[in-house]
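Each value in this text was obtained by applying a stated rule to the coordinates, not by laboratory testing. On a predicted model such as this, the values are computed, not experimentally measured, just so you know. As a convention, Cβ positions derive from the backbone with ideal geometry for all residues, glycine included, and neighbour counts pool all protein chains shown.
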Amino acid sequence: MSTVGQRERATQNRVVQLFQTHLGYRYLGNWETRPNNRNIEADLLRSWLARQGISETLIAKALRELDQAAALGDSQNLYDANKAVYGLLRYGVKVKAEAGEQTQTVALIDWAQPDNNDFAIAEEVTLKGQNTRRPDIVPYVNGIALGILELKKGSVDVAKGIHQNLDNQRKEFHRPFFTTMQLVMAGNDTQGLRYGTTETAAKYYLTWKEENPHYNPKTDPKGRKYLPTIDPAIGDNALDTALVRLCAKPRLLELIHDFIVFDAGVKKTCRHNQYFGIKAAQQRVPQRQGGIIWHTQGSGKSLAMVWLAKWLRENAPLGHETWDD
């Protein structure tokens with residue numbers, strides 16, 4: 001009797017548990033037989049907005065604007081629809097309660113307070129149509145699907161999961177489901193996690209590299225500030241550690257808010273070296289200190305400068321103002 005399905009199911013069970021116990025995501029359930037699965041679960045989003053004190057009138061209008069942006073017509077490409085949705089996610093939806101009243105901005109995500117959002121996952125999310133597909137795990141934030149994860153057993157190349165994601169974005173499959181997507185992921189226990197964003201070509205899927213910066217004084221006699229160790233809560237599994245680093249609530253929102261760019265028809269997200277280089281630069285700017293970010297050819301220096309300039313524009317004080325320590 002084959003154990004292939006059992007091994008893949010065991011990996012998925014563990015990852016589902018990881019999202020719940022270590023990352024604090026709410027479990028929405030197994031949606032294999034649930035009808036009408038969508039990338040915008042209106043009831044979940046409406047409930048979250050109501051808890052933020054938004055009126056029913058504004059909620060209804062904001063949801064209508066979001067649905068219109070996410071609706072992918074036959075003549076529209078995924079890039080443009082995804083870009084329109086991203087603008088609403090990042091900057092909020094501008095609506096009026098009544099004609100002639102002042103425009104108000106309805107925030108769909110609380111970027112400043114990650115824990116104020118409703119992070120949740122659903123598994124086996126069946127997408128029905130001409131070609132029915134069932135993504136393994138879909139993370140939702142306030143009812144909006146922001147990620148998708150395909151899992152494989154360790155002996156199956158992670159490339160198979162990547163190509164599943166790419167197939168699902170084709171017109172004849174489930175392209176409209178990806179209008180809200182920000183991180184598109186595939187992984188297994190042997191190779192770990194690979195990630196990209198919508199329509200990222202297979203050869204450009206990335207691996208996140210990051211040591212565990214947990215100080216361990218008992219094994220650090222030289223008194224160094226940090227010593228990379230294995231976090232006992234997640235062990236050293238390559239898939240689990242990458243998911244914890246990418247999908248932790250503050251990190252996920254930061255990657256989406258500060259490290260996405262729409263570049264002449266191609267949506268891009270950052271590599272780990274770009275992220276940590278920019279984070280280091282952000283720490284030096286308030287002290288008015290310069291520095292060097294060492295780059296090799298093809299390491300993404302142009303995009304790093306775009307993301308840093310964008311952050312400076314939104315966060316650096318103007319004129320005589322000073323940074324708060």
Rg followed by Dmax, in Å, when the range 4-236 is reduced to its Cα trace:
19.9, 69
Distance cut-off 26 Å, Cα to Cα: go down the list Lys153/Lys267; Lys209/Lys279; Lys160/Lys301; Lys153/Lys268 and report the pairs above it.
Lys153/Lys267; Lys160/Lys301; Lys153/Lys268
antiparallel share of DSSP beta bridges within the chain, to nearest 5, in %, is 70
Taking the Cα centre as origin and putting +1 on Lys and Arg beta-carbons and -1 on Asp and Glu beta-carbons, what dipole magnitude results for the range 14-123, to the nearest 20 debye?
140
In Å, the C-alpha Rg and Dmax of the range 42-156 are 16.3, 62
Points 7 angstrom from Cα along the Cβ direction at Gln113 and Arg284: gap in nanometres?
3.5
Place a +1 charge on the Cβ of each Lys and Arg in the chain and a -1 charge on the Cβ of each Asp and Glu, then give the dipole magnitude about the Cα centre in debye, rounded to the nearest 20.
720
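Would you list Val141, Val16, Val261 from fewest to most Cβ contacts within 10 Å? Walk me through the numbers on the way to the answer.
Details: Val141 27, Val16 19, Val261 14.
If I rank by nearby Cβ atoms, fewest first, I get Val261, Val16, Val141.
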The value for the range 36-88 (convex hull of the alpha-carbon atoms, volume per residue, Å³) is 84
The chain: most fluctuating residue of Asp136, Asp263, Asp167 per GNM, C-alpha cutoff 10 Å
Asp263
Starting from the Cα of Glu32, step 7 Å along the direction of its Cβ; do the same at Lys96; then give the gap between the two resulting points in nm.
5.1
Taking 0.36 nm per residue of separation and subtracting the Cα-Cα distance, what length does fully extending Val266 through Ala316 add?
15.2 nm
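Please arrange Leu149, Leu44 by counting, for each residue, the other beta carbons lying within 10 Å of its beta carbon, fewest first. Before the final figure, lay out the partial values.
Numbers: Leu149 26, Leu44 18.
Ranking Leu149, Leu44 by Cβ neighbours within 10 Å, fewest first, gives Leu44, Leu149.
What order do you get for Thr179, Thr57 when you list them from fewest to most C-beta neighbours inside 10 Å?
Details: Thr179 24, Thr57 12.
Going from sparsest to densest Cβ surroundings: Thr57, Thr179.
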The lysines whose Cα lies under 21 Å from the Cα of Lys96, excluding any fewer than 8 residues away in the same chain, are Lys61
Under 19 Å from the 7 Å Cα→Cβ point of Lys160, by amide nitrogen: which residues of the range 111-146?
124-125, 132-137
Under the 7 Å Cα-to-Cβ spin-label approximation, Ala202 and Ala10 lie apart by a distance in nanometres of 2.8
